[in-house]
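Before any comments, here is the structure.
The values are calculated or read from the model by the stated rules, or taken from the named source; none is laboratory data. The structure displayed is predicted, hence computed values, not measured ones. Note: ideal-geometry Cβ built from the backbone for every residue, glycine included; neighbour counts use all protein chains shown. What goes into the accessible areas is simple: the full protein's heavy atoms, side chains included, and nothing from ligands, DNA or RNA. Shrake-Rupley method; radii C 1.70, N 1.55, O 1.52, S 1.80 Å.
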Amino acid sequence: MPEGERSLGGFVVFEGYDGAGKSSLINGVREMLADKDIRAVGRKTEPELVDISRVLEREDLRHQGNVEVLLRIALEIERESIITRSRLNNEITVCDRGVISLISWFDYLGVSREPCERLLQGLMEYHSNALTVVCAADFDTCWKRISSRGEQSRKEKLGKDVNSKYFAMYEANVLRYAETAADVVFVDTVGLDLAESTSQVVQALRSRGMSRS
């Protein structure tokens, strides 16, 4: 390695519809790899991202669709710089959601991607360096988990019928992404218990040299 250069740590993005088990799986991986330096970069926990996230979730604001997707792109671009810094200082950086979720918002809101294609392409290229772990769960399971929560997002509060349509849009984007992305792993978060699904992710990390026993 040239003098002054630093190697980047592993980069893992957890995707899946609301209620698919992303947070549980991330926590499971961190517990199973407690000896590793793992940082989770969340939209609602990073100081640089909190304000944008709050604006997006405010009940008293209803942005036009094109404004909302621009805010969501801005959030991801800002998070990109946080991820890069994290990869310089941590063995593994994990993210709850990535470009699949971002692209799906265009479909949810009925907004054309074309005016933002250049920005989206840049984000897609950045995330191509990540291992994408898709938490595969059916809609009924997701909705059952969503309904049991004490607090729901603005999207979740739109109800079962709307979310069922969003789920179908999201799943279509997952499949399209998997056809072109280099590194995608699907984990059955319904048929497998947490220990089994966590072990599957850890094995995927180890097979890619991100975590050695």
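Is there a quick way to get the dipole size of segment 96-213? I mean about its Cα centre, with the Cβ of Lys and Arg at +1 and of Asp and Glu at -1; what is the value in debye to the nearest 20? Please list the in-between numbers first.
Numbers: 15 positive and 16 negative charges, 62 e Å.
Dipole of segment 96-213, to the nearest 20 debye: 300 debye.
In the chain, how many lysine pairs have Cα atoms under 29 Å apart, counting only pairs 8 or more places apart or on different chains?
Qualifying lysine pairs in the chain: 19.
If you count only protein heavy atoms and use a 1.4 Å probe, how large is the accessible surface of GLU125, to the nearest 10 Å²?
GLU125 exposes around 110 Å² with every protein chain in place.
Does anything in segment 68-91 have its amide N under 19 Å from the 7 Å Cα→Cβ label point of ARG118, and if so which residues?
Hits in segment 68-91 for ARG118 at 19 Å: 69-78.
Mind checking the log10 I(q)/I(0) for segment 12-141 at q = 0.13, 0.20 Å⁻¹? Debye, one equal scatterer per Cα, no solvent, two decimals.
Log-scaled intensity ratios, in q order: -0.58, -1.32.
Taking R0 as 35 Å, what's the FRET efficiency between ARG30 and LYS157 from their Cβ-Cβ distance, rounded to 0.05? Working shown, then result.
Working: r = 29 Å, r/R0 = 0.83.
After rounding to 0.05, the efficiency reads 0.75.
Could you calculate the FRET efficiency of SER23 with GLN64 from 1/(1 + (r/R0)^6), where r is the beta carbon distance between them and R0 is 22 Å, rounded to 0.05? Numbers along the way, then the final one.
Working: r = 30 Å, r/R0 = 1.37.
FRET efficiency, SER23 to GLN64: 0.15.
Which whole-number value in Å² is the accessible area per residue of the chain, probe 1.4 Å?
Computed with neighbouring chains in place, this is 52 Å² per residue.
Under a 1.4 angstrom probe, counting protein chains only, how are ASP183, ASP51 ranked by accessible area, largest first?
Working: ASP183 40, ASP51 105 Å².
Sorted by accessible area, descending: ASP51, ASP183.
Evaluate the distance, in nm, between pseudo-label points positioned 7 Å from the Cα of GLU57 and of SER148 along their respective Cα→Cβ axes.
Distance between the two pseudo-spin positions: 2.1 nm.
Give me the percent of the accessible area of the chain that comes from carbon and sulfur atoms, probe 1.4 Å, all protein chains in place. List each step's numbers first, then the result.
Working: 5480 of 11110 Å².
Roughly 49 percent of what the probe reaches on the chain is carbon or sulfur.
For GLU125 and VAL50, FRET efficiency with R0 = 25 Å and r from the beta-carbon atoms, rounded to 0.05? Each step should come with its number before you reach the end.
Numbers: r = 26 Å, r/R0 = 1.05.
Taking R0 as 25 Å, the efficiency between VAL50 and GLU125 is 0.40.
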